[in-house]
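All of the numbers you see were taken from the coordinates with simple rules; none came from a lab. These figures come from a predicted structure and were not determined experimentally. Positions of Cβ are backbone-derived with ideal geometry, glycine not excepted, and every protein chain shown enters the neighbour counts.
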Amino acid sequence: MAGGRILYWFEDPRLTLANWKNPAFLLGGKTIVGALIGGLIAVELTKKILGISRRTGDLFAVPLCVGICLGRIGCFLTGIEDHTAGIATTLPWGVNFGDGVSRHPTQLYEIIFAALLGAFLMTRMNREHREGDIFKMFMVAYFAFRLACDFLKPDVRVFLKMTSIQWACIMMLFYYSPDIVRWMKDAARDDEKREGFRETLHQGESPR
């Protein structure tokens, strides 16, 4: 709850300062990115206090994808009121949310992405994997998506033409960078094994 609220306050710092004493404003906004970061911090701190060392997030990954899909349906039906609609576009699938402007339906983009990500993670759950990697894959994929997709939103650019949410996504991708590097190395080793197997078959030798 705190993460979702705090990052929302940084989306438009000037507006937040102007409404710093307005409880309706301070409690009225939230963001999924901030909620995910806050949830991660809360869980890791709790595990440290309780002495839990194992990774516990894998079972949450697919349900989070489902939750995002359902939540963005509500955002799409709300229109421009919750500031999730995209910038103007001339593309044929642009949507007029009632303000006379054809906009990128970024809510639908996120629904499609979350649905595909959930399906991908379900397939990974049935394969051998390191404990915790399913959740990490969800976090990395979602933060990368939001970093790219938020360029299509008319949000306030706080630094280097990027929003506070995008900067939060960059920080989280940096946080998960050791895992990203490990996955890339694992994929490269798998490619080498497959290539070696194909070469063995091509030479007519019995694969071992």
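Could you give me the ³J(HN,Hα) list for region 156-171, computed from phi with Karplus coefficients 6.51, -1.76, 1.60 and θ = phi - 60°, whole Hz, x at Gly and Pro?
Coupling constants for region 156-171: 6, 8, 8, 6, 6, 6, 10, 7, 5, 5, 5, 5, 5, 5, 4, 4 Hz.
Percent relative contact order of region 56-175, based on C-alpha pairs within less than 8 angstrom and at least six residues apart?
After rounding, I find 28 percent.
Considering amide H positions built from the backbone, and no H for Pro or chain starts, which residues 5 or more places from GLY79, or on another chain, come under 5 Å of its amide H?
Those qualifying (amide H under 5 Å, at least 5 residues apart or on another chain) number zero.
What range in the chain is the longest one free of GluC sites (Glu not before Pro) that are in a loop by DSSP and have at most 14 other Cβ atoms within 10 angstrom?
By the stated rule (loop sites, at most 14 other Cβ atoms within 10 Å), 1-80.
Per the helix-only calculation at 222 nm, which mean residue ellipticity applies to the chain, given -39500 (n - 2.57) for every DSSP H run of n ≥ 4 and division by its residues, nearest 500 deg cm²/dmol?
-21000 deg cm²/dmol
What's the tally of Lys pairs in the chain whose alpha-carbon atoms lie under 17 angstrom apart, where the two lysines are 8 or more places apart or on different chains?
Value for the chain: 5.
Using a Gaussian network model on the chain with a 10 Å cutoff between Cα atoms, which of GLY39, GLY118, GLY51 fluctuates the most?
GLY51
Give me a comma-separated list of calculated 3J(HN,Hα) values for region 92-100, in order, Karplus coefficients 6.51, -1.76, 1.60 applied at θ = phi - 60°, integers in Hz, x for any Gly or Pro.
Result, ordered by residue: x, 8, x, 10, 8, 8, x, 9, x Hz.
Starting from the amide H of SER102, placed 1.01 Å from N in the peptide plane, find each other amide H under 5 Å away whose residue is 5 or more places distant or on another chain.
Under 5 Å from the amide H of SER102: THR89.
What is the dipole size for the chain, taken about its Cα centre, with +1 at each Lys and Arg Cβ and -1 at each Asp and Glu Cβ, in debye to the nearest 20?
Working: 25 positive and 21 negative charges, 91 e Å.
In debye, rounded to 20, the chain gives about 440.
Pick out, from VAL66, ALA24, ALA88, the residue whose Cα sits farthest towards the positive end of the charge dipole of the chain, with +1 on the Cβ of Lys and Arg and -1 on the Cβ of Asp and Glu.
So the residue we want is ALA24.
Below 8 Å between Cα atoms, with a sequence gap of 6+, how large is the relative contact order for the chain in percent?
This gives 19 percent for the chain.
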